[in-house]
Amino acid sequence: DAKTTQPPSMDCAEGRAANLPCNHSTISGNEYVYWYRQIHSQGPQYIIHGLKNNETNEMASLIITEDRKSSTLILPHATLRDTAVYYCIVRVPISNFGNEKLTFGTGTRLTIIP
Amino acid sequence: DTAVSQTPKYLVTQMGNDKSIKCEQNLGHDTMYWYKQDSKKFLKIMFSYNNKELIINETVPNRFSPKSPDKAHLNLHINSLELGDSAVYFCASSHPTRWWTQYFGPGTRLLVL
């Protein structure tokens, strides 16, 4: 699985868009980018994933550069409840009946400031 | 309507004791996992089960023994607890065709004294 690099921490004002970058310069053609977050004292929560096209769901948007070497998770209108550690994970999406471990790095600690 | 539940939420015990953590999911998933998050907040997989069969065993000491009595349950038994076992243990589950969407439980905070 490709290695990812994220800034250790970021701040964002409440109500503004939070843009969380992730570098994955060694990503291979069949690897997807997945984002999870972990709110303090809770289990991780899936946010979004994508291959090469931009993706959007009710939680966030994912922008992947054309060369796929980096991506940005966008929380369009950050609230205090979005304060969490955000993890960018890269791997192939092949299901192998239980052999699909998620490898979490150190993530980005996002703090939403009132 | 809790999706993935764990008991107990907190566990404080003495070194050398044996303890169990239970996990249940009501999502109908075939695959369940145990992850460990240490004091430095690194989150690592320990085990995975698919249809009650052990699939992943990530160089975890033999003192840790997972058991899956059925697809909805995955328990973790720990023998001879050591100080270094203090951590938060998360259970998770996923559907085989959407394994990347793993649903995590609330965690069990284990403190070994």
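The values are calculated or read from the model by the stated rules, or taken from the named source; none is laboratory data. Remember, it's a predicted structure, so these values are computed and weren't measured experimentally. Heads up, the Cβs are rebuilt from the backbone with ideal geometry, glycines too, and the neighbour counts pull from every protein chain shown. Ligands, DNA and RNA are stripped out before the accessible areas are found, and what is left, the full protein with its side chains, is counted by its heavy atoms. Shrake-Rupley method; radii C 1.70, N 1.55, O 1.52, S 1.80 Å.
Values for this structure:
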read-out	value
Residue-normalised accessible area of chain A, given per residue in Å² at a 1.4 Å probe	51 Å²
Derived scalar couplings ³J(HN,Hα) [the stretch A:10-25; Karplus, 6.51 cos²θ - 1.76 cosθ + 1.60; whole Hz; x for Gly, Pro]	8, 10, 8, 6, 4, x, 8, 7, 9, 10, 10, x, 8, 9, 9, 5
Those chymotrypsin sites (Phe, Trp or Tyr not before Pro) in the stretch B:30-90 that DSSP places in a loop and that have at most 10 other beta carbons within 10 Å	none
Threshold 50 Å² - residues in the stretch B:42-57 whose accessible area is reduced by that much or more when the chain is no longer isolated, probe 1.4 Å	B:Leu43
Sequence of A:Lys101, A:Lys52, B:Lys71 when ordered by accessible area, the most exposed leading, probe 1.4 angstrom	A:Lys52, B:Lys71, A:Lys101
Protein accessible surface hidden between A and B, which excludes ligands and nucleic acids, total in Å², probe 1.4 Å	2000 Å²
Computed accessible area, A:Arg16, all protein chains, 1.4 angstrom probe, square angstrom	150 Å²
Cut-off under 5 Å, modelled amide H: who pairs with A:Val92 long-range	A:Tyr32
Modelled FRET efficiency - R0 35 Å, A:Thr5 with B:Arg98, Cβ distances, 0.05 increments	0.85
In Hz, Karplus ³J(HN,Hα) per residue of the stretch A:69-74 (6.51, -1.76, 1.60; θ = phi - 60°; x = Gly, Pro)	8, 7, 8, 9, 8, 10
5 angstrom amide H check on A:Glu14, placed H, neighbours 5+ away	A:Ile113
Computed E for A:Val92/B:Met15 - FRET, C-beta separation, R0 41 angstrom, nearest 0.05	0.50
Those Cys residues of chain A for which no other cysteine Cβ falls under 4.7 Å	A:Cys12
Cross-link table A:Lys52/B:Lys41; A:Lys101/B:Lys22; A:Lys101/B:Lys41; B:Lys36/B:Lys71, entries beyond 26 Å C-alpha to C-alpha	A:Lys52/B:Lys41
Separation between Cα centres of the stretch A:1-23 and the stretch B:39-100, rounded to whole Å	29 Å
Heavy-atom accessible surface of the protein assembly as shown: percent carbon and sulfur, 1.4 Å	51 percent
Set of aspartates and glutamates near B:Lys52 by C-alpha distance (under 14 Å), chain-local residues within fewer than 8 positions excluded	B:Glu24, B:Asp30, B:Asp70
Relative contact order for the stretch A:1-86, counting Cα pairs under 8 Å that sit 6 or more residues apart, in percent	33 percent
For the stretch B:89-98, Karplus couplings with θ = phi - 60° (6.51, -1.76, 1.60), whole Hz, Gly/Pro x	10, 10, 9, 8, 9, 8, 7, x, 8, 9
Residues of the stretch B:58-87 buried by at least 40 Å² on assembly (accessible area, 1.4 Å probe, chain alone as reference)	none
Full-stretch length increase - A:Leu80, A:Arg16 - with 0.36 nm per residue and alpha-carbon distance subtracted	21.9 nm
Relative contact order of the stretch B:27-100, defined on C-alpha pairs under 8 angstrom at six or more residues apart (%)	39 percent
